[in-house]
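Everything below concerns the one structure shown next.
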Amino acid sequence: MVTDLDLAAEELIVARLQARYPADRIVSEEAGVLDHAGTDSRRTWLVDPLDGTNNIAIGLPVWSVGIALCVADDPVVGVVHDPVVGRTWSARRGAGAQGPDGPLTGPPPRPSDRLLLAWTQGYAVSRGEPRASALKSALELRARRVLQLWAPLSAWALLASGDIDGFVGYRSEYVDLPAGLLLAREAGVDVRAFDGSAFGERLGPGADLSFVAGRREVVDELLQLVAVSQ
């Protein structure tokens, strides 16, 4: 689904990036890859002009804007902005993450029987995909609640701010991932691939973008659930 608001936001963001960084490559959700002769292919801006379009379509005010700069597929700058309430989260690699109320430090320790998790899956995952269904069922049995926000950047912001305990993504989308991932990393959140290895050392189209994120002990438990649901 694409709305006029998606396209208007994209036009504004892309125009400003092109004016300020004319040699940089841009990948935007609706427009696709925008480059030209002389483009520096090592520097790529990832733009999700409206993360949560389906929510807007049904009148649910949960959506955000995500912008990230990747150098050689490694996110170095990320911004998530919630226009509904006027809140912004941002991160620079190695310099920490900031939220509306100051530095972000990720989720605090909470009783393991009270976990609050978020879930996202890519558009290519079908409604009845067996592994996705098995994993979601395992999470719902284990957690106090599993949020399916249809806006993964909002979930990353909640995780980095410490409002939820963990986040699981199954074959997630590429364009909106780097901004949220950097935000969580710089807030001290542990992010792992489903096999337990470090997630997102190099991001790019075609990569396996399935992950678990949270405090270390939460990630260990989520990885066990991933293994059981295979």
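A few notes on this one:
- There is at least one residue in the range 46-58 that is assigned to a loop (DSSP other than H, G, I, E, B), out of contact with any strand residue (DSSP E or B) (no Cβ under 7 Å at 6 or more places or on another chain) and either outside the structural domain of residue 170 (by TED's automatic domain parsing) or more than 26 Å from residue 208 (Cβ to Cβ) (or both).
- Qualifying residue in the range 208-228 (condition: in contact (Cβ under 8 Å) with a residue 60 or more places away in the chain and under 13 Å from residue 78 (Cβ atoms)): no
- The requirement of being buried (at least 19 other Cβ atoms within 10 Å of the Cβ) and either free of Cβ contacts under 8 Å to residues at least 40 places away in the same chain or under 15 Å from residue 176 (Cβ atoms) (or both) is satisfied by residue 91.
- Which listed residue, of 9, 31, 72, 68, is over 18 Å from the mean Cα position of the chain (by Cα), surrounded by 14 or more Cβ atoms within 10 Å (Cβ to Cβ), within 23 Å of residue 207 (Cβ to Cβ) and outside the structural domain of residue 154 (by TED's automatic domain parsing): 31
- Scanning the range 1-27 for residues that are touching a helix residue (DSSP H, G or I) at 6+ places or on another chain (Cβ under 9 Å), hydrophobic (A, V, I, L, M, F, W, C) and within 11 Å of residue 43 (Cβ to Cβ) yields one hit, 26.
- Odd one out for residue 127, checked against (1) in contact with a Ser or Thr (Cβ under 9 Å, 6 or more places away or on another chain); (2) surrounded by 13 or more Cβ atoms within 10 Å (Cβ to Cβ); (3) not in a strand (DSSP E or B): (2)
- Of the helices (runs of 4 or more DSSP H) lying entirely inside the range 146-230, those carrying at least 1 residues that are more than 24 Å from residue 82 (Cα to Cα) and at pLDDT 95 or above are 216-228.
- Subset tally (residues that are assigned to a strand (DSSP E or B), in contact with a helix residue (DSSP H, G or I) (Cβ under 9 Å, 6 or more places away or on another chain) and on the phi > 0 side of the Ramachandran plot) for the range 88-105: 1
- Each residue in the range 106-124 was checked for being more than 21 Å from the chain's Cα centre (by Cα) and assigned to a loop (DSSP other than H, G, I, E, B), and 3 of them qualify.
The values are calculated or read from the model by the stated rules, or taken from the named source; none is laboratory data. Computed from a predicted model, the values in this text were never measured in an experiment. Virtual Cβ from ideal backbone geometry, glycine too; neighbours counted across all protein chains shown.
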